[in-house]
Structure formats: C-alpha cells, structure tokens
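First the structure, in the form of structure tokens, and then the observations on it.
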Amino acid sequence: IACAAAAESVASSVLTPFEEARIRMVTDQDYSGSLLGGLVRLTKEEGAGGVMGKAPVLLSKMVPYTAAQLATFDLVKASLLTSGLAAPALAPFCASICAGVAGSLVSQPGDTILSLTNLKASSGSDGGAPAVIRDAYSRGGFGAFMVGWKPRLAHTTIIVIVQLLIYDSIKTALLSH
C-alpha cells in the first residue's frame, strides 16, 4: 500500500500543473491555445499556488484509488492462487474486479470533492476544498460524497480490469523468461 501511495503521490504531483492548465482551458476557450501556453500563463498569473493549488484535492482522490487498487489486486490474486479457489488463468481477472471495486469506492469521496471544487472554480465561486467539503456535508452528510458512485464504479472497474490484465500479462511474460 505504501509503495502504491508513494508512486501515486509523485505522479499526481507531476500531473497537477497540467490538470490546472487544462481545466482553465476547458472552462475558458480563450485562456490558451496550447497546454504549454496555459502552464506559462497560469504560472505568471497565479504563481505556485495556482499551479499546485488543487494538489491536495487531486491527491485525496488518486492516492486512495491507486493504493487500494494495487494492494487489492496483489492480495486477492495471491490469496486465490495459494488457496486454490481460482485457476491461475482466472485469478488475475477475479483480482482485477475486486481491485476496481475497491479503488472506486475508497476514492469516491475524493472524486466528489475534486469534481465540486472544479465546478465551483469554473463558475467563479469560491472553489476551495474546505468550503466544498463543508457545503457538501451540510447538504447530505457522508452520503453527499458518494453521489454518482454506481456509474463511476462500473466505469472505473472496467478500466481497472483492462489495465491490470494487461499489466499482469506483461509482468508474467517478463518474469517467465
């Protein structure tokens, strides 16, 4: 879990400036004609705060997602293989389903916070995460952070199944030679 969390923390930190520029380009067609131009403008106008402003919000989604996904896949696959509950060819598929479900569910609150933060920012409102969290919680308690979990669960699980089956196939092929 720690390895997955560390890897995702680094990856999301690298991704954050690009995501910030992309969001501004989507919400304002005149913001920039290119991602690089958007990054330059964002840095000039808002400094490090603008470039890395939503890093904590992005991390609140991506770190639990990746950590749960990878840890669940490894644990379930190993358990299925050692217990004999699944054939070696079927174990990665079963494990990837479990990984997709786990990753989707544990990251749903972070996904909701990220979506609401981006929505508020694009409408010109205070899009800060603390305000978004307070507003969402006051409207529906913890359940407000799980809105949209069913379609996201299906979407995410399908993506994770494909990713992990490719990953496992390549890893198995490389380790067998």
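FYI, it's all coordinate maths here, none of it is from the lab. It should be emphasised that the depicted structure is a prediction, and the values quoted were computed from it without experimental measurement. Heads up, the Cβs are rebuilt from the backbone with ideal geometry, glycines too, and the neighbour counts pull from every protein chain shown.
Counting lysine pairs in the chain that sit 8 or more residues apart in sequence, or on different chains, and whose Cα atoms lie under 21 Å apart gives 5.
Here the 3J(HN,Hα) profile of the stretch 83-94, calculated from phi with Karplus coefficients 6.51, -1.76 and 1.60 at θ = phi - 60°, is 7, x, 6, 9, 5, x, 6, 8, 4, x, 5, 4 Hz, Gly and Pro shown as x.
The base-10 log of I(q)/I(0) for the stretch 54-175, evaluated at q = 0.22 Å⁻¹, reads -1.14 [Debye formula, identical scatterers on Cα atoms, solvent excluded].
Relative to the compact globular guide of 2.2 N^0.38 Å, what is the alpha carbon radius of gyration of the stretch 1-74, as a ratio?
Values: Rg = 14.4 Å, N = 74, 2.2 N^0.38 = 11.3 Å.
Here the answer is 1.28, to two decimals.
Report the charge-dipole magnitude of the chain in Debye, nearest 20, computed about the Cα centre from +1 at each Lys and Arg Cβ and -1 at each Asp and Glu Cβ. Mind showing how you got there, number by number?
Details: 13 positive and 12 negative charges, 49 e Å.
The calculated dipole for the chain is roughly 240 debye.
Modelling each spin label as a point 7 Å along the Cα-to-Cβ direction, I'd like the Thr82/Ser13 distance in nm, to one decimal. Distance between label points: 3.3 nm.
Between rounded, prolate and oblate, where does the stretch 84-154 land on the alpha carbon gyration tensor, with a ≥ b ≥ c its root eigenvalues, rounded for a/c under 1.5, else prolate if a/b exceeds b/c? Show your work: numbers first, answer last.
Working: a/c = 4.29, a/b = 2.97, b/c = 1.45.
Because a/c hits 1.5 or more and a/b exceeds b/c, the stretch 84-154 counts as prolate.
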